[in-house]
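The values are calculated or read from the model by the stated rules, or taken from the named source; none is laboratory data. Since this is a predicted model, take the numbers as computed values, not measurements. With ideal geometry, Cβ positions are generated from the backbone for all residues, glycine too; neighbour counts draw on all protein chains shown. Note: accessible area is taken over every heavy atom of the protein model, side chains too, but ligands, DNA and RNA are not part of it. Shrake-Rupley method; radii C 1.70, N 1.55, O 1.52, S 1.80 Å.
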Amino acid sequence: MTVNYGELRKGMAIEMDDAPYIVLEYEQRKMQQRAPTMRIKFRALITGRQVERSFSGYDVDFKLADVERRSAQYIYEDDNLYYFMDTDTYDQFPLSSDQIADGLQFLVEQIEVDLVLYRENPVAIELPITVNLEVTETVPGVRGDTAQGGTKPATLQTGLVVQVPLFVTQGEMIKLSSYTKQTLERDSVLQDLWVGGEVANLARPGSGHAYFSIRDGKATMRCVMFRNSRGMHYLDNGAAIILHGRISIYEQRGDLQVIADIVQPEGVGELQLKLEQLKLQLEQQGLFDESRKRTLPQFPKKIAVVTSPTGSVWHDIQNVIRRRYPLVELAIAPAPVQGEDAAPAIAEALQAAGDESGADIVIVARGGGSLEDLWAFNEEAVARAIFACPIPVVSAVGHETDYTIADLVADLRAPTPSAAAELVVPDKVELIAFALGAAQSMDASISRQLTSGIDAASQLERRLHNALPDLDMLRLRIDDRLRSARQMLMHMLRLNSERTQGLRLRLDSLSPRDTLRRGYAIVQRTDDSSVISEHTQASAGDPINITLTNGIIEAEVTSTRNGQQER
């Protein structure tokens with residue numbers, strides 16, 4: 001047999017990794033888009049070790065452990081093993097100190113316990129609520145008025161040290177509660193209590209928590225309610241209330257107390273109390289969280305409606321949607337909306353609408369009625385079906401003043417079924433008006449853009465025209481520059497010609513031929529054509545050539561002498 005997260009309770013025995021565990025506590029650790037990550041603390045029944053595990057989402061199923069309880073009696077201890085005898089079969093079972101855990105401090109011979117077996121093997125014990133133990137050591141007892149209200153430490157036969165009244169003496173037997181904070185919180189019954197009575201000693205410190213007692217004619221119980229808990233405003237001294245909570249121990253003082261999470265005034269019906277309890281459970285599990293709620297598509301193509309096919313709700317929704325947005329396809333997922341069979345049928349229809357219909361939106365709808373009439377939409381099965389639906393869900397249950405759990409889980413709440421039909425589709429009249437307005441705006445925008453484009457083109461044309469060159473003027477400038485260049489070139493040619501003529505005249509004046517024309521001659525040796533410029537370069541009999549202006553004379557030196565021509 002399996003249970004899902006919503007059915008999990010403290011003290012429940014489940015099986016993980018082929019071993020039994022007791023659920024100690026569980027809480028929501030952090031939210032994701034669709035589901036929170038849950039942290040669960042377990043105690044291993046076999047080893048007594050505590051472990052923590054995290055699970056994401058609500059699709060995790062837990063297998064219930066095959067745990068059996070038998071009446072047994074503790075008989076003796078041997079080599080750190082503690083032996084218990086089944087009082088029916090007289091079979092003996094050994095357990096270790098880890099398996100007995102806190103029970104060791106209450107364990108005395110012949111004490112009767114419940115032996116916990118997993119797959120027919122002993123794994124733990126459960127003690128009776130009270131145990132009789134002998135005081136083995138304490139200070140002498142005090143009698144009379146001085147003993148009233150005071151306490152003193154005492155050592156019991158198991159070695160446990162407790163506080164006892166002043167009048168208790170050594171050797172006396174005292175009755176002691178075997179419930180520690182841990183054992184209390186493992187008890188599934190004590191973790192899910194409804195208590196009724198009158199509020200007394202109410203205190204509200206600055207922390208926002210409330211500390212009070214609840215009493216009837218026979219007993220008083222201390223209570224604490226943490227701030228922002230449901231129904232805290234009903235607390236007042238003398239007020240008759242019904243509260244839901246769990247038993248715990250305030251270890252600093254050893255006080256037994258109720259930690260309350262729901263308060264309702266006395267006289268509230270059973271259904272309302274059940275509703276508040278389920279609301280608290282689902283809220284703690286994140287089903288109402290706003291961060292996971294989805295927005296509706298603006299133009300849905302198909303809408304599924306979960307409702308009764310014979311009721312007026314279905315016809316009202318069809319009329320509204322046909323009038324507002326006839327383009328959308330409507331499909332009904334038929335389900336009864338009242339009675340004992342309504343909740344599972346609605347949950348099944350929601351699953352079919354989400355998985356098989358191809359719809360974009362699901363509407364869950366019903367007309368108005370009493371709390372009893374609408375109760376199917378407060379069932380946990382419907383809430384979890386809405387939460388698990390893969391497409392947005394709109395809740396339209398009852399009238400505007402009716403609120404159900406389905407409204408809190410759904411992605412959107414509509415006050416009435418007709419209002420839901422209006423919320424899920426646009427209005428064709430508004431769409432037509434919007435389209436006409438958009439067309440007019442588009443025409444005006446296009447006209448503005450055309451006018452602006454024409455103006456811009458005209459401006460560009462003027463700028464291009466102004467930017468075109470004056471070809472006639474450019475031709476005149478070119479002609480002027482060619483004329484100037486031609487004149488400059490002729491001037492430069494004349495200057496160069498004159499310079500050339502002057503250089504030629506200068507060269508001619510330096511030419512040997514010009515010298516020869518003035519009566520000079522060039523004398524050269526005939527054998528090597530070397531020029532003779534001194535008389536020492538020739539000797540009598542040497543053949544020589546004498547170059548004149550118009551020819552050469554071949555001669556022979558007859559004699560040489562020294563001589564200089566005076567200037």
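Residues that are within 30 Å of Asp341 (Cβ to Cβ) and either β-branched (Val, Ile, Thr) or at pLDDT 90 or above (or both) do occur in the range 424-432. Would you be able to say whether some residue in the range 272-293 is within 30 Å of Gly197 (Cβ to Cβ), assigned to a strand (DSSP E or B) and more than 35 Å from the chain's Cα centre (by Cα)? No.
Condition check ((1) surrounded by 10 or more Cβ atoms within 10 Å (Cβ to Cβ); (2) of a type in the set (Lys, Arg); (3) assigned to a loop (DSSP other than H, G, I, E, B)) across all residues:
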site: Ser509; (1), (2), (3): no, no, no
site: Asp514; (1), (2), (3): yes, no, no
site: Gly519; (1), (2), (3): no, no, yes
site: Gln524; (1), (2), (3): yes, no, no
site: Ser529; (1), (2), (3): no, no, yes
site: Ser533; (1), (2), (3): no, no, yes
site: Gly541; (1), (2), (3): no, no, yes
site: Asn545; (1), (2), (3): yes, no, no
site: Thr549; (1), (2), (3): yes, no, yes
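Examine the range 419-429 for a residue that is basic (Lys, Arg) and buried (at least 20 other Cβ atoms within 10 Å of the Cβ), and state whether such a residue exists. No, the range 419-429 contains no residue that is basic (Lys, Arg) and buried (at least 20 other Cβ atoms within 10 Å of the Cβ). Somewhere in the range 356-377, is a residue surrounded by fewer than 23 Cβ atoms within 10 Å (Cβ to Cβ), closer than 26 Å to Gln272 by Cα and within 32 Å of the chain's Cα centre (by Cα)? For the range 356-377, residues surrounded by fewer than 23 Cβ atoms within 10 Å (Cβ to Cβ), closer than 26 Å to Gln272 by Cα and within 32 Å of the chain's Cα centre (by Cα): absent.
Across the range 75-88, the number of residues qualifying as out of contact with any helix residue (DSSP H, G or I) (no Cβ under 9 Å at 6 or more places or on another chain) and either of a type in the set (Gly, Ala, Ser) or closer than 18 Å to Ala101 by Cα (or both) comes to 7.
Taking Glu348, is it of a type in the set (D, E, K, R), open to solvent by 20 Å² or more (accessible area, probe 1.4 Å) and assigned to a loop (DSSP other than H, G, I, E, B)? Here the answer is no, as Glu348 does not meet what is asked. Taking first residues from the range 9-23 that are at negative phi and in contact (Cβ under 8 Å) with a residue 40 or more places away in the chain and partners that are aromatic (Phe, Trp, Tyr) and open to solvent by 20 Å² or more (accessible area, probe 1.4 Å), the Cβ contacts under 8 Å between residues at least 6 apart in sequence or on separate chains come to Lys10/Tyr26; Ala13/Tyr21; Ile14/Tyr21; Glu15/Tyr21. Entry remark, the range 198-242: residues being more than 42 Å from the chain's Cα centre (by Cα) and open to solvent by 30 Å² or more (accessible area, probe 1.4 Å) number 12 in total. Selection of strands (runs of 3 or more DSSP E) fully inside the range 95-168 by the criterion of at least 1 residues being open to solvent by less than 70 Å² (accessible area, probe 1.4 Å) and at pLDDT 85 or above returns 112-118, 121-126, 130-138, 151-156. Any residue in the range 54-77 that is farther than 24 Å from Gly286 by Cβ, at pLDDT 75 or above, in a loop (DSSP other than H, G, I, E, B) and polar (S, T, N, Q)? For the range 54-77, residues farther than 24 Å from Gly286 by Cβ, at pLDDT 75 or above, in a loop (DSSP other than H, G, I, E, B) and polar (S, T, N, Q): absent.
Let's see how each residue does on (1) of a type in the set (Lys, Arg); (2) out of contact with any His (no Cβ under 6 Å at 6 or more places or on another chain); (3) free of Cβ contacts under 8 Å to residues at least 60 places away in the same chain; (4) within 21 Å of Glu422 (Cα to Cα):
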position	(1), (2), (3), (4)
Arg324	yes, yes, no, yes
Gln338	no, yes, yes, no
Asp341	no, yes, yes, no
Ala345	no, yes, yes, no
Glu348	no, yes, yes, no
Asp355	no, yes, yes, no
Ile361	no, yes, no, yes
Glu380	no, yes, no, no
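List pairs: first residue in the range 132-143 and under 10 Å from Leu166 (Cβ atoms) and among the hydroxyl-bearing types (Ser, Thr, Tyr), second residue at pLDDT below 90 and open to solvent by less than 60 Å² (accessible area, probe 1.4 Å) anywhere in the structure, Cβ distance under 6 angstrom, at least six positions apart or on different chains. Sorted first by the residue in the range 132-143, then by its partner, the pairs are Thr138/Ala154. Of note, Val337 satisfies the criterion of being of a type outside the set (Asp, Glu), under 17 Å from Gly369 (Cβ atoms) and assigned to a loop (DSSP other than H, G, I, E, B). When the range 272-324 is filtered for residues that are open to solvent by 30 Å² or more (accessible area, probe 1.4 Å) and under 17 Å from Thr404 (Cβ atoms), the ones remaining, listed by number, are Gln272, Lys274, Gln277, Lys279, Gln281, Glu283, Phe288, Lys293. Restricting attention to the range 247-271, the residues being modelled with pLDDT of 85 or more and either buried (at least 19 other Cβ atoms within 10 Å of the Cβ) or of a type outside the set (Val, Ile, Thr) (or both) number 6.
Here's the yes/no breakdown for (1) more than 23 Å from Phe387 (Cβ to Cβ); (2) crowded, with 16+ Cβ neighbours inside 10 Å; (3) within 38 Å of the chain's Cα centre (by Cα); (4) at pLDDT below 90:
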| site | (1), (2), (3), (4) |
| --- | --- |
| Leu408 | no, yes, yes, no |
| Leu412 | no, yes, yes, no |
| Gly437 | yes, no, no, no |
| Gln440 | yes, no, no, no |
| Ala444 | yes, no, no, no |
| Leu464 | yes, no, no, yes |
